[in-house]
Amino acid sequence: MTFTIDFYDIKVHNAITEQGGQTILNNCEAGDTADCALIGRGSNGYVTSINDLYQNLNELHSQGVDFELDYRHQLPGNAGEISFRGLATYARELTTISNNGASAINAAGVDGVGGIPHYQAATYLTWTREPLSITVQNRYVGGGKFSALYVGPQDPGYSPYLRNSINDNRIGSRFYTNLSASYDVIGTDKQKLQVYGVINNLFNLNPPIDPGAASATNTQLFDAIGRYFTIGAR
């Protein structure tokens, strides 16, 4: 058995990334003329478009802890082998600073587009008895805020009179289970043929509503399809 803990603290200067439309609007309102130039307005003065360019921002700061556990055990007799792998991460900070230092947004704990949950984990439990192998994967995505730019009733200092107040600033967690199996039809040194099957999102969980620019959920974190099957041979 092996167990590993990894602490990371990474700073990237002049990081290339997007700010997000709301951040551009906020910076413009604060007097940032560079961000104001990215906003298109109609003849009535209303915003019609926001050009969210990839930019060299001042700094990107990422900090957290990764955990990994690996274990293998040979079962008695001819019952095969059990292996377990567990991965977990705690993201303490993911701060983006705008190009003029006008804003610093920590997207750690944000499940909305552009953010990252504080907690994520995955486990893999595999039973192998050649030529058959079966794996159960579990994946956990921790809940978090919809956006670091808004405040909801769950946040300190909330008031419905604030300009950035919303009625709900939370997105729920999800726990996904995937099941896969493979069978080696041919397994010689020179020739191999394997058939396999996978069921992703075994319990057909719906994603949390997390409206972004192109989807009703954050497809980087959550399964937007539901239960689906894959079979094949290689």
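The values are calculated or read from the model by the stated rules, or taken from the named source; none is laboratory data. Predicted, not measured: the structure shown is a model, and the values here were computed from it. Neighbour counts run over all protein chains shown; Cβ positions are idealised from the backbone, glycine included. These accessible areas exclude ligands, DNA and RNA; they are computed on the full protein's heavy atoms, side chains included. Shrake-Rupley method; radii C 1.70, N 1.55, O 1.52, S 1.80 Å.
Quick one: which of Leu25, Leu53 is of a type in the set (A, V, I, L, M, F, W, C) and assigned to a loop (DSSP other than H, G, I, E, B)? Checking each option against the conditions leaves just Leu53.
Of the strands (runs of 3 or more DSSP E) lying entirely inside segment 123-211, those containing at least 2 residues that are within 16 Å of the chain's Cα centre (by Cα) are 132-141, 174-187. Take Leu132 and decide whether it is in contact (Cβ under 8 Å) with a residue 40 or more places away in the chain and over 29 Å from Ser62 (Cβ atoms). Yes.
Taken over segment 70-105, the residue count meeting the criterion of being closer than 28 Å to Val136 by Cα, in a loop (DSSP other than H, G, I, E, B) and not small (Gly, Ala, Ser) is 3. Count of segment 35-48 residues, restricted to those that are open to solvent by 60 Å² or more (accessible area, probe 1.4 Å), in a strand (DSSP E or B) and free of Cβ contacts under 8 Å to residues at least 12 places away in the same chain, is 2. For beta carbons closer than 9 Å, sequence separation of 6+ or different chains, a first residue in segment 66-79 that is farther than 13 Å from Thr2 by Cβ and a second that is among the β-branched types (Val, Ile, Thr) and surrounded by 13 or more Cβ atoms within 10 Å (Cβ to Cβ), the qualifying pairs are Asp66/Thr89; His73/Ile82; Gln74/Ile82; Leu75/Ile82. Here is a check on your reading of the model: is Arg174 out of contact with any Asp or Glu (no Cβ under 9 Å at 6 or more places or on another chain) and among the basic types (Lys, Arg)? It is false that Arg174 is out of contact with any Asp or Glu (no Cβ under 9 Å at 6 or more places or on another chain) and among the basic types (Lys, Arg). Of all residues in segment 106-122, those satisfying the criterion of being in a strand (DSSP E or B) and open to solvent by 40 Å² or more (accessible area, probe 1.4 Å) are Asn106, Ile116, Tyr119, Gln120.
Show the residue pairs that are 6+ apart or on different chains and have beta-carbon atoms under 7 Å apart, the first residue being within segment 1-27 and open to solvent by less than 70 Å² (accessible area, probe 1.4 Å), the second being among the aromatic types (Phe, Trp, Tyr). The qualifying pairs are Thr17/Tyr54. Hey, can you tell me all the residues within segment 123-133 that are surrounded by fewer than 16 Cβ atoms within 10 Å (Cβ to Cβ) and of a type in the set (A, V, I, L, M, F, W, C)? If the condition is that a residue be surrounded by fewer than 16 Cβ atoms within 10 Å (Cβ to Cβ) and of a type in the set (A, V, I, L, M, F, W, C), then Leu125, Leu132 are the ones that fit.
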